[in-house]
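The values are calculated or read from the model by the stated rules, or taken from the named source; none is laboratory data. Treat the numbers as computed from the prediction; the structure is a model and nothing was measured. As a convention, Cβ positions derive from the backbone with ideal geometry for all residues, glycine included, and neighbour counts pool all protein chains shown. Accessible surface is based on the protein model in full, side chains and every heavy atom, while ligands, DNA and RNA are left aside. Shrake-Rupley method; radii C 1.70, N 1.55, O 1.52, S 1.80 Å.
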Amino acid sequence: MLEVPCRTVVDHSRLRPLPAGVSATNRRGDPDHDPREPIFWWYQDTPVGEELYVALYTLGCSWKRCTFCTLPSRSSAADVAADRLVEQFSRVLRRLSPGQKRGARRLFLSNNGSVLDPWTLPFRTLVRLLAAARRHLPALAIVCLETRIETATPRVLRDVQRLLLGGDRRIVLQISAGYETQDPFLRNRILVKGYPEPMVQRFYASFADVSREVGVEMLLDENVMLKPAAGMTDEEGRLEAVETILHVERLGRRHGIPVSTRLHPTFAAAGSPLADAFRAEG
């Protein structure tokens with residue numbers, strides 16, 4: 001595999017790595033949430049059309065170590081029954097207006113962790129959710145699944161995309177895996193994503209292989225953080241964001257994968273190690 005090189009534009013010597021443990025808050029979860037309701041959902045316009053975004057209340061993220069994130073604290077600390085997960089999605093669908101049901105072109109499905117992790121969302125339950133989406137959203141053309149890279153194995157990608165090709169429409173699979181930054185030091189020593197760059201590049205290669213095998217141009221969606229570390233200058237933040245966007249674009253071109261990016265000002269949740277680092281930096 002021919003790798004796409006990263007370009008270092010940040011002075012790492014001024015940055016202090018952050019701890020990689022799981023906080024008590026993320027480990028505890030939210031036991032008081034109604035398991036019949038998703039964590040949140042919304043309906044919005046996007047560059048690809050109208051989108052239904054649903055974050056399901058499931059067992060919390062298996063990784064839980066990202067230093068900017070406290071989302072597992074809003075998830076469950078125990079398994080949520082499959083029928084409850086289906087009910088969460090059904091309640092969202094019932095709350096949509098007829099026009100929203102007709103207009104939704106993309107479904108963005110999340111669980112504040114990894115939708116393709118069978119420990120948090122069993123595959124059979126995902127199949128039921130996608131079948132409901134097909135029935136109730138007649139214009140649906142893209143299903144975007146938010147998931148960590150290691151859960152998006154070739155076998156699972158192949159099975160999901162083939163499932164989406166069944167029936168009367170060809171629905172395209174999109175994966176959003178939270179790349180954040182092309183700088184491995186920032187990504188793994190500051191943000192603690194657990195994504196070594198060789199792992200990322202192997203994922204792009206295998207994603208392209210599956211796309212060719214199933215005969216569909218599957219899609220990738222990447223988050224890009226603006227100034228993801230305390231101690232970075234504003235200029236380093238701008239340069240690093242540009243380099244990350246260019247890097248994933250080069251990766252996509254290298255493997256023939258359409259890649260979209262979402263540029264986000266870095267959000268460090270209250271109580272997270274990254275928020276503490278920014279506060280200490282002043």
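Things to note:
- Estimated dipole of the chain in Debye, rounded to 20 [Cβ of Lys and Arg +1, of Asp and Glu -1, Cα centre]: 780 debye
- 5 angstrom amide H check on residue 40, placed H, neighbours 5+ away: 55
- Cβ-derived FRET efficiency at R0 35 Å, residue 279 paired with residue 97, nearest 0.05: 0.25
- Rolling a 1.4 Å probe across the protein heavy atoms gives the chain an accessible surface of 45 Å² per residue.
- Rounded to whole Å, sorted largest first: equivalent-ellipsoid semi-axes of the chain, Cα gyration tensor: 31, 24, 16
- Taking chymotrypsin sites (Phe, Trp or Tyr not before Pro) as exposed when their DSSP state is a loop state and no more than 16 other Cβ atoms lie within 10 Å, the longest site-free interval of the chain runs over 120-266.
- In a DSSP loop and with at most 13 other Cβ atoms within 10 Å, the trypsin sites (Lys or Arg not before Pro) in the stretch 1-92 are 7.
- Within the chain, helix-based [θ] at 222 nm, where runs of 4 or more DSSP H residues each add -39,500 (n - 2.57), nearest 500: -11000 deg cm²/dmol
- Of all lysines in the structure, the ones whose alpha carbon falls short of 30 Å from that of residue 227, not counting any fewer than 8 places away in one chain, are 64, 193.
- Isolated Cys in the chain, by beta carbon distance under 4.7 Å: 6, 61, 144
- A probe of 1.4 angstrom, applied to the heavy atoms of all protein chains, finds residue 209 with accessible area near 80 square angstrom.
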